[in-house]
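> Got a structure for you, questions after.
The values are calculated or read from the model by the stated rules, or taken from the named source; none is laboratory data. Just so you know, these numbers come straight off a predicted model, no measurement behind them. Cβ placement follows ideal geometry from the backbone for every residue including glycine, while neighbour counts extend to all protein chains displayed. Just the protein is used for accessible areas: all its heavy atoms, side chains included, with ligands, DNA and RNA removed. Shrake-Rupley method; radii C 1.70, N 1.55, O 1.52, S 1.80 Å.
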Amino acid sequence: MHSRSWITGSAEETQKIAERLAELLMPGDLLTLEGDLGAGKTTFTKGLAKGLGVKRNVNSPTFTIVKQYKGRLPLYHMDVYRLEDSDEDIGFSEYFDGEGVSVVEWAQFIEEYLPEERLEVTIRSIDEQTRKIEFHAIGDRYLNILNEMND
Ligand code: ADP
Ligand code: MG
């Protein structure tokens, strides 16, 4: 299965899906998050962090671009929105080749630096509380993750 999707009715439900995903992640995994402002990319990352055992509160790293958290695995949380009109490389490969899990909000803005294999997560707003969360696996590693996730 290359793609899976869920409809969630609250931020908590979105976080639960991310938390379940987190249990299956390994060092070097990459998740890209796409979706409009307010769709729930940071909310999803908060759930992921919880699932990785991160104790600190996770906030949007828009101004710093990258924040790193300690958990069962390190979490590298990036928000590259500010790089929309730039081709600056802030040393992405250090993260993508690192021992942690990388999560990139607005990943489409750094397409040229992204490894091809990744789990693409797209979040669409249906209405104020409803979101469609779509996972699209690129590469065998991520296909396996999708197949291991229970409904
Ligand atoms: P982004 O990082 O994509 O800009 P945020 O995660 O910062 O978005 O904000 C999403 C907002 O939408 C939060 O205020 C969250 O509480 C709210 N929200 C409402 N319903 C949902 C849902 N089903 N899933 C995720 N977020 C939701
Ligand atoms: Mg955000």
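> Would you mention how many residues in segment 94-119 are under 14 Å from Asp29 (Cα atoms) and either in a helix (DSSP H, G or I) or more than 16 Å from ligand 2 (Cβ to nearest atom) (or both)? Reasoning before the result, please.
Let us first name the residues in segment 94-119 that are under 14 Å from Asp29 (Cα atoms), namely 94-104, 114-119.
Imposing the further condition that a residue be either in a helix (DSSP H, G or I) or more than 16 Å from ligand 2 (Cβ to nearest atom) (or both) reduces the set to 94-101, 114-119.
Selection size over segment 94-119: 14.
> Report, by residue number, each residue of segment 2-31 that is more than 17 Å from Lys132 (Cβ to Cβ), of a type in the set (Asp, Glu) and loosely packed, with under 15 Cβ neighbours inside 10 Å.
Once the filter is applied, which keeps residues that are more than 17 Å from Lys132 (Cβ to Cβ), of a type in the set (Asp, Glu) and loosely packed, with under 15 Cβ neighbours inside 10 Å, segment 2-31 yields only Glu23.
> Further question on the same structure: Can you tell me how many residues in segment 90-102 are touching a Phe, Trp or Tyr at 6+ places or on another chain (Cβ under 6 Å) and not aromatic (Phe, Trp, Tyr)? I'd like the intermediate steps shown before the answer.
Just the residues of segment 90-102 that are touching a Phe, Trp or Tyr at 6+ places or on another chain (Cβ under 6 Å), to begin with: 92, 95, 100, 102.
Filter once more, so that each one left must be not aromatic (Phe, Trp, Tyr): 100, 102.
Of the residues in segment 90-102, 2 are touching a Phe, Trp or Tyr at 6+ places or on another chain (Cβ under 6 Å) and not aromatic (Phe, Trp, Tyr).
> May I ask you to verify whether Lys46 is assigned to a strand (DSSP E or B) and either loosely packed, with under 14 Cβ neighbours inside 10 Å or within 16 Å of ligand 2 (Cβ to nearest atom) (or both)? Explain how you work it out, then say what you get.
Numbers: assigned to a strand (DSSP E or B): no; either loosely packed, with under 14 Cβ neighbours inside 10 Å or within 16 Å of ligand 2 (Cβ to nearest atom) (or both): yes.
Taking the combined requirement at face value, the residue does not satisfy it.
> Among Asp127, Asp85, Asp151, Asp89, which is modelled with pLDDT of 95 or more and of a type in the set (Asp, Glu)?
On the way: Asp85 fails: modelled with pLDDT of 95 or more; Asp151 fails: modelled with pLDDT of 95 or more; Asp89 fails: modelled with pLDDT of 95 or more.
When all the criteria are applied, what remains is Asp127.
> Further, regarding this structure: Considering only segment 74-92, state which residues are more than 12 Å from ligand 1 (Cβ to nearest atom) and within 18 Å of Glu23 (Cα to Cα).
Result: Pro74, Leu75, Tyr76.
> Evaluate the following for Phe135: is it surrounded by fewer than 20 Cβ atoms within 10 Å (Cβ to Cβ), hydrophobic (A, V, I, L, M, F, W, C), touching a residue at least 40 places away in the same chain (Cβ under 8 Å) and closer than 21 Å to Leu52 by Cβ? Quick ask: steps written out before the conclusion?
On the way: surrounded by fewer than 20 Cβ atoms within 10 Å (Cβ to Cβ): no; hydrophobic (A, V, I, L, M, F, W, C): yes; touching a residue at least 40 places away in the same chain (Cβ under 8 Å): yes; closer than 21 Å to Leu52 by Cβ: yes.
Spelling it out, it is not the case that Phe135 is surrounded by fewer than 20 Cβ atoms within 10 Å (Cβ to Cβ), hydrophobic (A, V, I, L, M, F, W, C), touching a residue at least 40 places away in the same chain (Cβ under 8 Å) and closer than 21 Å to Leu52 by Cβ.
> Now a separate question. Identify all residues within segment 62-73 that are of a type outside the set (Phe, Trp, Tyr) and either part of a strand (DSSP E or B) or under 13 Å from the mean Cα position of the chain (by Cα) (or both); write none if there are none.
Taking segment 62-73 first, the residues of a type outside the set (Phe, Trp, Tyr) are 62, 64-68, 70-73.
Passing the criteria: Val66, Lys67, Gln68.
> Given the condition open to solvent by 40 Å² or more (accessible area, probe 1.4 Å) and in a helix (DSSP H, G or I), answer yes or no: does some residue in segment 74-84 qualify?
Yes - at least one qualifying residue is present in segment 74-84.
> When the residues of segment 49-73 are narrowed to those that are out of contact with any Phe, Trp or Tyr (no Cβ under 7 Å at 6 or more places or on another chain), within 12 Å of ligand 1 (Cβ to nearest atom) and closer than 22 Å to Glu111 by Cβ, which ends up most open to solvent (accessible area, probe 1.4 Å)? If you could, list the steps in order and put the result at the bottom.
Let us first name the residues in segment 49-73 that are out of contact with any Phe, Trp or Tyr (no Cβ under 7 Å at 6 or more places or on another chain), namely 50-53, 55, 57, 59-61, 63-65, 67, 69-73.
After this cut, where a residue has to be within 12 Å of ligand 1 (Cβ to nearest atom) as well, the list is 59-61.
Those still in the list that are closer than 22 Å to Glu111 by Cβ too: 60-61.
Values: Ser60: 53, Pro61: 1 Å².
Result: Ser60.
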